[in-house]
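Below is one structure, written out as structure tokens; comments come after it.
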Amino acid sequence: MATKLLLTFAICRLIVTMGLTLEPTELLRLGLTVDPVDVESASVDFGLMTKVEPLAVLRPSSAEDVAQLVKAAYESSHGFTVSARGHGHSINGQAQTGTGVVVQMSGVRSSGKPSVWGGDMYVDVWGGELWIDVLKSCLEYGLAPKSWTDYLYLSVGGTLSIAGISGQAFHHGPQISNVHELDVVTGKGELMTCSKEQNPELFHAVLGGLGQFGIITRARISLEPAPQRVRWIRVLYSNFSAFTKDQEYLISLHGNQKFDYVEGFVIVDEGLINNWRSSFFSPRNPVKISSLGSNNNGGVLYCLEINKNYHESTAETIDQEIEALLKKLNFIPTSVFTTDLPYVDFLDRVHKAELKLRSKGMWEVPHPWLNLFVPKSKIADFDRGVFKGILGNKTSGPILIYPMNKNKWDDKSSVVTPDEDVFYLVAFLRSALDNGEETQSLEYLTNQNRLILKFCDEDGIKVKQYLPHYKTQSEWKEHYGSKWDRFQRMKMKFDPRHILASGQNIFTPTFLSSSKMASW
């Protein structure tokens, strides 16, 4: 009882601060809380590089709760911001706000299980649902979503607000290319259903829209029959041209005579090849970079990750199919590493690495990640200047590199990509460690990110940031380029008071001065 009285008192103060017209009891019913534990949790994210405490946290039990809160913000005389938070996997405080309420979409009180429609091959899910739980529900029907992220403990609404990519994107496109329909709470507090046919402007704006136009409360995701097992293969290259040529060849294949997953990563540190996702490499017989002919290549190796999905009923033919595909590739012949595992274990592979890192106290550390889309025509220049230049021979996390087909991306969405038919994702997924090693410190890695961006700018490599982060609107305008006018127009239509996702620093909330925005 005492706790409820304290909460009521605190919310009364919020009503005065934010100019709310709702009664305290109504706000409590919605799930609004100022509990220090909830506020502290919402003030940090996976990046652990920013900390911003919200005025309150909402734990909704329905889309209507979200709509009621956003409508209250829209109609508030003083004004306040609203930021949706899923699993908190942002890097630079994008889901934080110091001038309003964080809506905690994941772990809500009664969102219910995903609703699988087997005959129609889709699933309806709450926006805060984690992809791992979507997968488990769909597998009960022998189905699974088509496109994934490497890490499944992310919310559906969160990845759809970015794009959602992994090694299947070359074939199925990003996750935003596999959505039939959305329910969205706009910045006016309106709960709207949208699709390519119904409210298409909102639909396309929200997909990859960084949360600027609405909060996704439901998504209808396309499904396919789920395979049972995966043959997972890694091969190594010392020649970058051969590596990229083979990747680009693999994503050009169609039909059944292709791999189902194509990724790759760069190895500049000998320790990394044996320690990161190391199920392929035996600790008793560690792989040596020097033994694989990389010395004449700046000490850098490139690893191609590929897989073939299959059912146990077709296991007899899988070896022949893989052998035929591998014969056309130019990797180091002695570097083939293969494993076979259930489909679920493959999709959830990064979680196992997470558990290992958590046990060593190496998960909840700063993550100065940098994710770039690099045009195909400049990827060799990027290799020369970054992999063989700026990085040296030390890193503190995986560096992914893999190509995607632009024709699998809907240009009507809010995402921006290089203007070439093929482009690469290069992802520097580093962790900053306080272990006395300068090259693993947050300051060193952050500065290295700046050097990488500076090199791209000076060398004319027109990269686009994935999970973008900028501090000024002029930088955002440059990022969006020809899409900026439409992006701004959709903001005025669906969130005219600039209430939503203020942590992105794209638009100034109308109730704040520019000077205050600059101090966030």
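Of all the residues in the stretch 73-107, those that are in contact with a strand residue (DSSP E or B) (Cβ under 6 Å, 6 or more places away or on another chain), of a type in the set (Gly, Ala, Ser) and open to solvent by less than 10 Å² (accessible area, probe 1.4 Å) number 3. Among the residues of the stretch 353-381, those that are touching a strand residue (DSSP E or B) at 6+ places or on another chain (Cβ under 7 Å), under 18 Å from Leu445 (Cβ atoms) and crowded, with 22+ Cβ neighbours inside 10 Å comprise Leu370, Leu372. For the stretch 438-471, name all the residues that are open to solvent by less than 30 Å² (accessible area, probe 1.4 Å) and within 22 Å of the chain's Cα centre (by Cα). Scanning the stretch 438-471 gives Leu445, Gln448, Asn449, Ile452, Gln465, Tyr466, Pro468. Scan the stretch 200-209 for residues that are open to solvent by 10 Å² or more (accessible area, probe 1.4 Å) and of a type in the set (A, V, I, L, M, F, W, C) and the total you get is 0.
The residues of the stretch 235-247 that are over 11 Å from Ile332 (Cα atoms) and either open to solvent by 20 Å² or more (accessible area, probe 1.4 Å) or not in a helix (DSSP H, G or I) (or both), listed by number, are Ser241, Lys245.
Out of the residues in the stretch 101-135 that are among the polar types (S, T, N, Q) and not in a strand (DSSP E or B), state the one that is nearest to Asp38 (Cα to Cα).
Ser106
Do we have any residue at all in the stretch 410-418 that's basic (Lys, Arg), touching a strand residue (DSSP E or B) at 6+ places or on another chain (Cβ under 8 Å) and not assigned by the TED database to the domain that holds Phe46? Within the stretch 410-418, not a single residue is basic (Lys, Arg), touching a strand residue (DSSP E or B) at 6+ places or on another chain (Cβ under 8 Å) and not assigned by the TED database to the domain that holds Phe46.
Kindly check whether there is at least one residue in the stretch 423-437 that is under 29 Å from Asn178 (Cα atoms), among the hydrophobic types (A, V, I, L, M, F, W, C) and either in contact with a Cys (Cβ under 7 Å, 6 or more places away or on another chain) or open to solvent by 20 Å² or more (accessible area, probe 1.4 Å) (or both). Yes.
This table checks each residue for (1) more than 31 Å from the chain's Cα centre (by Cα); (2) modelled with pLDDT of 95 or more; (3) open to solvent by less than 40 Å² (accessible area, probe 1.4 Å).
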{"site": "Asn285", "(1), (2), (3)": "yes, no, no"}
{"site": "Ile289", "(1), (2), (3)": "no, no, yes"}
{"site": "Asn295", "(1), (2), (3)": "yes, no, no"}
{"site": "Gly299", "(1), (2), (3)": "no, no, yes"}
{"site": "Tyr302", "(1), (2), (3)": "no, yes, yes"}
{"site": "Tyr310", "(1), (2), (3)": "no, yes, yes"}
{"site": "Leu325", "(1), (2), (3)": "no, yes, yes"}
{"site": "Ile332", "(1), (2), (3)": "yes, yes, yes"}
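The values are calculated or read from the model by the stated rules, or taken from the named source; none is laboratory data. These numbers come from a predicted model, not from an experiment. All Cβ positions, glycine included, derive from the backbone under ideal geometry; neighbour counts span all protein chains shown. Surface accessibility is based on the protein's heavy atoms, side chains included, excluding ligands, DNA and RNA. Shrake-Rupley method; radii C 1.70, N 1.55, O 1.52, S 1.80 Å.
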